[in-house]
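J.: Mind having a look at this structure? Questions to follow.
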Amino acid sequence: MKKLSILFLSILMFSTMVLAACGGNSNSTGASEKGTDSASGEGGKRTIKVSIGVNDKHPEYEASLKFKELVEAESDDLTVEVYHSGQIADDRSAIEMLQFGTLDVTIPSTSPLVNFIPAYGVFDLPFTVPNEEVADKVLDGPFGDKMLEMVDQQGLVGLAWWENGFRNLTNDVKPVAGMEDVKGLKIRTMENEIHLDAWKALGANPTPMAFTELFTALQQGTIDGQENPYPTILLSKYPEVQKHVSNTNHVYTPFIFLFSKKIWEELSAEQQDIISKAAVEAGKFNRERTREVADESLETLKKEMTFTEIKEGEFEKFQEAVKPVIDKYKDKIGAEIVDEFLAEVDKAK
């Protein structure tokens, strides 16, 4: 009898171990699990999960809620959940989750996509897009459509262009009104080869650095300045450690609305239509809000920092200085794509 009891306990323990190894514990939690089970939801509705990297004060988050509102107003069987601040994953990891079909939507800037599609480096080329009107014409035209279609090769569906905006320069040394003022400044950049080479071509001393380390580096004087869109400059409290801001507008960065191709193919034609239209409509809302917030942020920055307008004719000097950088990366990005992009920009001016 004692032997039978021991045998029974051994079998029970082995069964428990197998269940645990297969994920049988229903109480386990984790960020990766937030992106799974998209087919189930309240009342049998299919849940579309959206992951974005910015916080809940950013215009992209507002636009994501607009997307949710539009989808749920048009569909009885779709519901949308929005996760901000990288709660599910950072941009690159979120893109990979889309490829595996464990997340429905992410709306990153175009820069992380360069890791998957080198042609997306075209959006990192400096001093190419002069204003928002030109950006809209290029992205909403044949070139933008071509770039959206290109993500299909990576198991993604590109549905719409949203806006991150123009990057602008701040520093704690001197007002910057033109190229001569940039020389010698120690500028933090993203860990991006094109950005690094562009600032070197302008005579600056660029330093790649993680965003999380930036405020402390500015505070300690390890670097002189940094470059980001106006809302980011304000929300990150850089006026506390920076005196000067200039409207360099050196890089325009779009957001791209991406859907998992694996999950997309499981949806009905009606569901796809509702999601597609909502992504485009929310994108229009996003552009409006991004520009409003950028204007509002700049007005606030002007009260806390010295604002210096880039002098007339300097934009052309910047463009001339970075031409060798564009030539250097042309083949890596794709010469045809670069030429087409620059031609569309010229046409849109």
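The values are calculated or read from the model by the stated rules, or taken from the named source; none is laboratory data. Predicted, not measured: the structure shown is a model, and the values here were computed from it. When we count neighbours, we look across all protein chains shown, and the Cβ atoms used for this are built from the backbone with ideal geometry, even at glycine. Accessible surface is based on the protein model in full, side chains and every heavy atom, while ligands, DNA and RNA are left aside. Shrake-Rupley method; radii C 1.70, N 1.55, O 1.52, S 1.80 Å.
J.: Quick one: which residue in SER276, SER246 is under 30 Å from ASP181 (Cβ atoms), touching a residue at least 24 places away in the same chain (Cβ under 8 Å), among the small types (Gly, Ala, Ser) and out of contact with any helix residue (DSSP H, G or I) (no Cβ under 7 Å at 6 or more places or on another chain)?
T.: Exactly one of SER276, SER246 is under 30 Å from ASP181 (Cβ atoms), touching a residue at least 24 places away in the same chain (Cβ under 8 Å), among the small types (Gly, Ala, Ser) and out of contact with any helix residue (DSSP H, G or I) (no Cβ under 7 Å at 6 or more places or on another chain), namely SER246.
J.: Starting from region 213-224, keep only residues that are under 10 Å from ARG188 (Cα atoms), then list their pairs with residues that are assigned to a helix (DSSP H, G or I) whose Cβ atoms are within a distance under 7 Å, requiring at least 6 positions of separation or different chains.
T.: LEU218/TYR238; ILE223/ALA217
J.: On to the next question. From the residues in region 328-345 that are in contact (Cβ under 8 Å) with a residue 40 or more places away in the chain and either hydrophobic (A, V, I, L, M, F, W, C) or not in a helix (DSSP H, G or I) (or both), which one is most open to solvent (accessible area, probe 1.4 Å)?
T.: The extreme case among them is LEU342.
J.: List the pairs whose first member sits in region 308-320 and is closer than 8 Å to ALA177 by Cα, whose second member is in a loop (DSSP other than H, G, I, E, B) and of a type outside the set (Gly, Ala, Ser), and whose Cβ atoms are under 8 Å apart, counting only residues at least 6 apart or on separate chains?
T.: THR308/PRO175; THR308/VAL176; ILE310/VAL176
J.: Would you call LEU159 modelled with pLDDT of 95 or more, assigned to a strand (DSSP E or B) and more than 17 Å from the chain's Cα centre (by Cα)?
T.: For LEU159, the condition - modelled with pLDDT of 95 or more, assigned to a strand (DSSP E or B) and more than 17 Å from the chain's Cα centre (by Cα) - is not met.
J.: Does SER75 meet the test of being modelled with pLDDT of 95 or more, farther than 22 Å from ALA269 by Cβ, open to solvent by less than 20 Å² (accessible area, probe 1.4 Å) and touching a Lys or Arg at 6+ places or on another chain (Cβ under 9 Å)?
T.: It is false that SER75 is modelled with pLDDT of 95 or more, farther than 22 Å from ALA269 by Cβ, open to solvent by less than 20 Å² (accessible area, probe 1.4 Å) and touching a Lys or Arg at 6+ places or on another chain (Cβ under 9 Å).
J.: Give me the pairs, please: first residue somewhere in region 148-176 and within 30 Å of GLU240 (Cβ to Cβ), second residue anywhere and part of a strand (DSSP E or B) and of a type in the set (Asp, Glu), beta-carbon distance under 6 Å, and either six or more positions apart or on two chains.
T.: ARG167/GLU227; LEU169/GLU227
J.: Which one of these does LYS330 not meet: (1) within 24 Å of HIS244 (Cβ to Cβ); (2) touching an Asp or Glu at 6+ places or on another chain (Cβ under 9 Å); (3) basic (Lys, Arg)?
T.: Going through the list (1) within 24 Å of HIS244 (Cβ to Cβ); (2) touching an Asp or Glu at 6+ places or on another chain (Cβ under 9 Å); (3) basic (Lys, Arg), LYS330 breaks only (1).
J.: Output the number of residues of region 82-108 satisfying the condition of being touching a residue at least 24 places away in the same chain (Cβ under 8 Å) and either surrounded by fewer than 16 Cβ atoms within 10 Å (Cβ to Cβ) or in a helix (DSSP H, G or I) (or both).
T.: 10
J.: May I pose another question? Taking the condition of being open to solvent by 30 Å² or more (accessible area, probe 1.4 Å) and in a helix (DSSP H, G or I), how many residues in region 124-149 meet it?
T.: 8
J.: Please report, ordered by residue number, the strands (runs of 3 or more DSSP E) entirely within region 223-327 with at least 3 residues that are open to solvent by less than 30 Å² (accessible area, probe 1.4 Å).
T.: Qualifying strands (runs of 3 or more DSSP E): 225-228, 244-260.
J.: Please go through (1) open to solvent by 20 Å² or more (accessible area, probe 1.4 Å); (2) in contact with a Ser or Thr (Cβ under 9 Å, 6 or more places away or on another chain); (3) free of Cβ contacts under 8 Å to residues at least 40 places away in the same chain for TRP199 and return the number of the only condition it doesn't satisfy.
T.: Just one mismatch for TRP199, condition (1).
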